[in-house]
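Here is the structure we will look at, set down as structure tokens.
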Amino acid sequence: MIRPAIIEDIPQLVDIWLRASLLAHDFIPADFWHARADDMASLYLPGAETFVLEAAERPIGFAALNGDHLEALFVDPEVQNFGHGSRLMAHAMGQRERLTLCVYSRNVRAVSFYRRLGFQVVEERREPLSGENETLMAWERRLPRPPEGLVT
């Protein structure tokens, strides 16, 4: 089940974010992630429209939107590779006509995942906090084309 996050979810969501970040971004020192956990709990998650994927009455992943920008998509490392990220993205994409996101360029698995969902690379740039290159990507809902010969 996907539902809106509540304040009581935040400690579990930060735990998922931290463990998944350490796993997916092993090219960034672990201290970088640990130092940002408090900001994730007190600033980023409360300030975003966050959707929680729940299984067995506990959060196993989440997607956080800030307007049309996907700020975060994380799935508990213990249950990755079962389509949970795709379910969360389908939900997020169903909420918007367009989405942008930034992903670390060295996180090839994530870049490929977003490409499969129809996101296009907009630009490569340096993320100032980590100093790592990131890829800005965008997706836009495609309206169905009218049948041939139909005048609109």
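Nothing in this text is a laboratory measurement; each read-out follows from the coordinates by a stated rule. These numbers were taken from a predicted model, which means no experiment stands behind them. Using ideal geometry, Cβ is built from the backbone for each residue, glycine included, and neighbour counts are taken over all protein chains shown.
Under a 5 Å amide H cut-off, with hydrogens placed 1.01 Å from N, Ile60 pairs with Leu53, Glu54, Ala55 among residues at least 5 apart or on other chains.
Say we join alpha carbon atoms closer than 10 Å with springs in a Gaussian network model of the chain; which of Ala56, Ala35, Ala24 then has the biggest fluctuation? Looking only at Ala56, Ala35, Ala24, the biggest GNM fluctuation is shown by Ala56. Under the shape rule built on the C-alpha gyration tensor, where the axes satisfy a ≥ b ≥ c, segment 2-140 is rounded, since a/c falls short of 1.5. Since only Asn107, Phe51, Leu23 are under comparison, the one whose Cα sits farthest along the positive direction of the charge dipole of segment 9-109, derived from C-beta charges on Lys, Arg, Asp and Glu, is Asn107. Between Gly131, Gly47, Gly118, the Gaussian network model of the chain with springs among Cα atoms under 10 angstrom shows the greatest mean-square fluctuation at Gly131. Rounded to the nearest Hz, the phi-derived 3J(HN,Hα) couplings of segment 123-129 under the Karplus curve 6.51 cos²θ - 1.76 cosθ + 1.60 (θ = phi - 60°) are 6, 10, 7, 8, 7, x, 5, where x marks glycine and proline. Using only the Cα atoms of segment 65-140, build the gyration tensor, take square roots of its eigenvalues as a ≥ b ≥ c, and label the shape rounded, prolate or oblate: rounded if a/c is under 1.5, else prolate if a/b is larger than b/c, else oblate. Oblate. Put a dot 7 Å past the Cα of Glu123, heading toward its Cβ, do the same for Asp31, and the two dots end up 3.1 nm apart.
Look at Tyr44, Tyr114 and count the other Cβ atoms within 10 Å of each Cβ; fewest to most, that gives Tyr44, Tyr114.
Relative to the current alpha-carbon distance between Glu78 and Ser42, full extension at 0.36 nm per residue lengthens the span by 10.5 nm. From the Cα gyration tensor of segment 1-84, with a ≥ b ≥ c the square roots of its eigenvalues, which class applies: rounded if a/c is under 1.5, or else prolate if a/b is larger than b/c, or else oblate? Because a/c hits 1.5 or more and a/b fails to exceed b/c, segment 1-84 counts as oblate. Phi-derived couplings, Karplus 6.51 cos²θ - 1.76 cosθ + 1.60 at θ = phi - 60°, listed residue by residue for segment 105-116: 4, 6, 8, 4, 4, 5, 4, 5, 4, 5, 4, 4 Hz, with x used for Gly and Pro. Derived scalar couplings between HN and Hα for segment 18-24 equal 5, 5, 5, 5, 4, 6, 7 Hz in order, rounded to whole Hz, by the Karplus curve 6.51 cos²θ - 1.76 cosθ + 1.60 (θ = phi - 60°), x for Gly and Pro.
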